[in-house]
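A.B. asks: My questions will all concern the structure given below.
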Amino acid sequence: MYGKYLMLGVLVTVGSVWAANDNFEIQEFKVDKSIVLPTASDAAHEAWKDNRFGMFIHWGPISQMGETLSHSRNSPSHHPGGKPYKVSKIEPEVYDVQYKTFNPVKFDADDMLKMAKKAGVDYIVFTAKHHAGFSMFDSAVTEYDMMSTPYKKDIVKLLADGCRANDMNFGFYYSPRDWGHPDCDSENNHDRYIQFYKAQMGELMTKYGPIHEIWFDGMGPGNWGDTSREIMGAIRALHPDAMVNDRGGAGADFYTPEHDISYFNREHNWESCQTTTGQWGYNPNQNAKSIEDLMEILLYVWGGDGNMLLNIGPMGDGAVSPAERERFEQIADWWGVHGEESIRGSRGGTYMPGPWGTATCKDSRVFLHIFRWPAQGGLQFPALKGLKLKSARLLNGGSVKAKANAKGILVDVPSADREPIVTTVELTFDGPTFPVEPLQRRASLAEQATLTASHNPEALSNLTDQNANTYWDAKAAKGEKEIWVEAKFDEPVTIGCFNIGRGDEWSPKSTAVMQVPDGSKGWKTVSPKGMKLKWIPMHFLGKPVTTDRIRLLVTGTSKFVFAEFELFAPVQ
């Protein structure tokens with residue numbers, strides 16, 4: 001399967017990356033920040049942020065079985081005594097032969113890309129090689145590739161050509177670690193695998209035209225030496241303005257919250273990657289997320305000043321699944337009215353995301369994306385320093401009232417003109433709205449609380465500074481089972497929702513609940529059953545609670561790190 005071998009004359013590097021907890025779908029990656037490498041130009045960064053919306057495509061022969069890429073493969077270590085890369089249900093002898101029947105005759109790159117573009121997508125990122133090692137392109141260094149399938153076509157080339165034909169940008173995903181290649185992390189031949197990795201990166205960077213984005217997914221165990229630095233050097237030589245993510249070991253242009261949304265961050269670029277269905281790849285038994293949830297994910301990403309990379313997983317025959325096509329068509333319906341005006345070329349702000357919704361801005365305009373209204377009346381926003389409101393309109397053509405008052409700006413829309421999911425209001429001011437310092441519509445209640453914690457009390461002030469780049473972190477000692485942060489108030493307050501904000505540092509594997517005193521010196525949980533600190537930024541309690549003490553309790557991990565602890569009253 002890996003019988004062919006060739007080293008191309010393109011040298012590539014990447015500093016070492018360590019991936020912890022490889023048995024979990026969402027993993028933790030470390031970047032050696034002491035290695036300073038050239039990044040894409042400032043102009044390229046701004047152009048990428050202007051794009052705002054990309055489509056991830058996770059696809060491979062295993063889609064014939066409706067299983068997730070690589071993580072459904074039971075993958076033992078190639079290193080004697082090493083920890084399994086993944087413990088799963090499909091044995092290699094079944095997973096690894098799926099390519100022999102992979103004949104996706106219904107794959108239509110042009111149709112797929114037109115569907116995406118209509119929904120507002122500007123660029124794609126395609127899985128050229130995932131962890132299990134199959135190459136979705138024509139590779140000269142392996143026979144485990146598309147040219148060994150009955151289909152015998154280079155999917156990367158079809159998509160790259162399709163992007164150019166549709167005036168879209170093309171990028172690729174590549175997993176440096178390889179659970180299928182016997183040399184990767186092997187006792188004696190790992191260096192030979194590194195040459196294979198460099199050769200494939202050389203192919204991907206020289207055969208498919210301009211590369212807009214390169215998305216790595218962790219090096220895994222093994223001695224990688226200076227590989228990361230070399231790979232980044234080749235990227236900058238061949239594609240100096242390609243945007244590169246933070247999972248290649250060193251030298252990143254942006255960080256990558258997975259199934260998650262960063263706290264508002266203009267200082268560092270970020271791109272949230274999320275699935276349409278919940279699986280990285282096609283699964284006929286998994287429904288798509290609701291359009292309500294997807295619109296909230298999209299707009300909280302854009303309002304937090306991030307880019308969105310929304311995944312689809314084509315079926316085994318190459319067609320887009322009906323569930324994912326339906327969601328993209330629904331997003332297209334919204335984008336056709338609101339997207340080009342309020343999202344393309346915008347930046348997050350000038351109001352911070354909150355339980356009410358989120359905002360984007362560009363030129364002299366601010367766009368309020370309102371998901372929740374008070375029971376009565378409109379929403380009050382603080383005034384923007386040095387700017388006067390000139391006009392307001394609804395992008396859907398309905399009526400809106402926006403009036404400057406002593407507290408700032410009061411915005412209201414008649415019930416009949418409010419959209420069922422999100423209502424977008426355009427406010428026009430007498431000057432540029434970017435880079436006006438972003439403001440909270442209403443301050444987090446945590447800012448008036450006294451915070452205590454199980455660990456690291458010196459860093460608690462970082463949790464209320466509205467800064468995604470400062471952190472509170474905890475490392476539990478052996479035998480400790482709980483990590484917690486508590487907010488105590490002088491007087492009882494009513495809390496309707498909370499946000500556990502993250503930046504580029506994050507602890508993905510944990511169980512978390514919100515608790516209040518139970519009246520008998522214990523605690524009771526008030527957060528929804530099965531809550532996970534991912535998917536969406538605002539977590540709403542089953543019903544508002546009035547209390548003078550509330551805590552975040554984290555279990556199932558020996559360490560936890562986050563950037564912001566926000567508690568909000570019900571929208572009013």
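The values are calculated or read from the model by the stated rules, or taken from the named source; none is laboratory data. Remember, it's a predicted structure, so these values are computed and weren't measured experimentally. Cβ coordinates were reconstructed from backbone atoms using ideal geometry, including for glycine residues, and neighbour counts include every protein chain displayed. Calculation scope for accessible area: heavy atoms of the full protein, side chains included, ligands and nucleic acids excluded. Shrake-Rupley method; radii C 1.70, N 1.55, O 1.52, S 1.80 Å.
A.B. asks: Can you send over the carbon and sulfur percentage of the accessible area for the chain, probe radius 1.4 Å, protein chains only?
C.D. replies: Here it works out to 50 percent.
A.B. asks: Hey, what angle do you get for helix 227-238 against the long axis of the chain, alpha-carbon based, 0 to 90 degrees rounded to 10?
C.D. replies: 90
A.B. asks: Modelled label-to-label distance, Asp465 and Lys388, 7 Å Cα→beta-carbon offset: nm?
C.D. replies: My value for the distance between the label points is 3.7 nm.
A.B. asks: Work out, step by step, the length gained on full extension between Val97 and Lys521: first 0.36 nm times the residue separation, then minus their alpha carbon distance; give nm to one decimal.
C.D. replies: On the way: separation 424, 0.36 × 424 = 152.64 nm, distance 5.85 nm.
Contour length minus Cα-Cα distance gives 146.8 nm.
A.B. asks: Then there's this: Using packing as a proxy for protection, rank 538-544, 128-134 so that the peptide with the highest average count of other Cβ atoms within 10 Å comes first. Before the final figure, lay out the partial values.
C.D. replies: On the way: 538-544: 15.4, 128-134: 26.7.
Ranking the peptides 538-544, 128-134 by packing returns 128-134, 538-544.
A.B. asks: Moving on. What number, rounded to the nearest 500 deg cm²/dmol, is the helix-based mean residue ellipticity at 222 nm of the chain, given -39500 (n - 2.57) per DSSP H run of at least four residues and division by all its residues?
C.D. replies: -5000 deg cm²/dmol, from helical runs alone.
A.B. asks: Could I ask something else about it? Would you mind calculating the gained length between Gln380 and Glu482 on full extension (0.36 nm times residue separation, minus the Cα-Cα distance), in nm to one decimal?
C.D. replies: 32.8 nm
A.B. asks: Averaged over all directions, how much area does the convex hull of the C-alpha atoms of the stretch 445-568 cover when projected, in nm²?
C.D. replies: That works out to 7.4 nm², a quarter of the Cα hull's surface.
A.B. asks: Hey, can you rank 105-114, 516-525 by average C-beta count inside 10 Å, highest first?
C.D. replies: 105-114, 516-525
A.B. asks: Follow-up question, since we're still on this one. Which of rounded, prolate, oblate describes the stretch 349-429, given a ≥ b ≥ c as roots of the alpha-carbon gyration tensor eigenvalues and a/c under 1.5 marking rounded, otherwise prolate only if a/b is larger than b/c?
C.D. replies: Rounded shape, in that the Cα axes give a/c under 1.5.
A.B. asks: Sticking with this one: Please report how far the C-alpha centroid of the stretch 71-88 lies from that of the stretch 552-572, rounded to the nearest whole angstrom.
C.D. replies: 33
A.B. asks: Set the bar at 25 Å for Cα to Cα. Now go through Lys86/Lys532; Lys114/Lys207; Lys289/Lys509; Lys83/Lys152; Lys157/Lys362; Lys475/Lys543 and name every pair that lies beyond it.
C.D. replies: Details: Lys86/Lys532 22 Å; Lys114/Lys207 23 Å; Lys289/Lys509 22 Å; Lys83/Lys152 35 Å; Lys157/Lys362 35 Å; Lys475/Lys543 32 Å.
The pairs that break the limit, which is 25 Å between Cα atoms, are Lys83/Lys152; Lys157/Lys362; Lys475/Lys543.
A.B. asks: Between Lys475 and Lys403, how many nm apart are label points set 7 Å from Cα along the C-beta direction?
C.D. replies: 5.8
A.B. asks: Something else: Sort 188-195, 300-307 for me by packing, meaning the mean count of neighbouring Cβ atoms within 10 Å per residue, highest on top.
C.D. replies: Going by the mean number of other Cβ atoms within 10 Å, highest first, we get 300-307, 188-195.
A.B. asks: State the Kirkwood hydrodynamic radius of the stretch 292-435 in Å, one decimal place, computed from all pairs of distinct Cα atoms. Present the calculation step by step, with values, prior to reporting the outcome.
C.D. replies: Working: mean 1/r = 0.0623 Å⁻¹.
That comes to 16.0 Å for the stretch 292-435.
A.B. asks: Per residue, how large is the accessible surface of the chain? Use a 1.4 angstrom probe and give square angstrom.
C.D. replies: Per-residue value: 39 Å².
A.B. asks: What's the extension gain from Asn188 to Gln572 if we count 0.36 nm per residue and subtract their Cα-Cα distance?
C.D. replies: Taking 0.36 nm per residue and subtracting the Cα distance, the gain is 131.8 nm.
A.B. asks: Additional query: Where in the stretch 356-380 does the label zone of Asp417 land, with the point 7 angstrom along Cα→C-beta and an amide N cut-off under 20 Å?
C.D. replies: 357-360, 365-380
A.B. asks: Something else now. How many nm is it between the label spots at Ser364 and Asp50, if each spot is 7 Å from the Cα in line with the beta carbon?
C.D. replies: Here the answer is 2.1 nm between the modelled labels.
A.B. asks: Now for a separate question. Can you compute the radius of gyration and Dmax for the stretch 45-343, using only the Cα atoms, both in Å?
C.D. replies: Just the Cα atoms of the stretch 45-343 yield Rg and Dmax of 18.4, 58 Å.
A.B. asks: Residue by residue through the stretch 244-255, which ³J(HN,Hα) values in whole Hz follow from phi under the Karplus form 6.51 cos²θ - 1.76 cosθ + 1.60 (θ = phi - 60°), with glycine and proline marked x?
C.D. replies: 10, 7, 9, 10, x, x, 6, x, 10, 9, 7, 9
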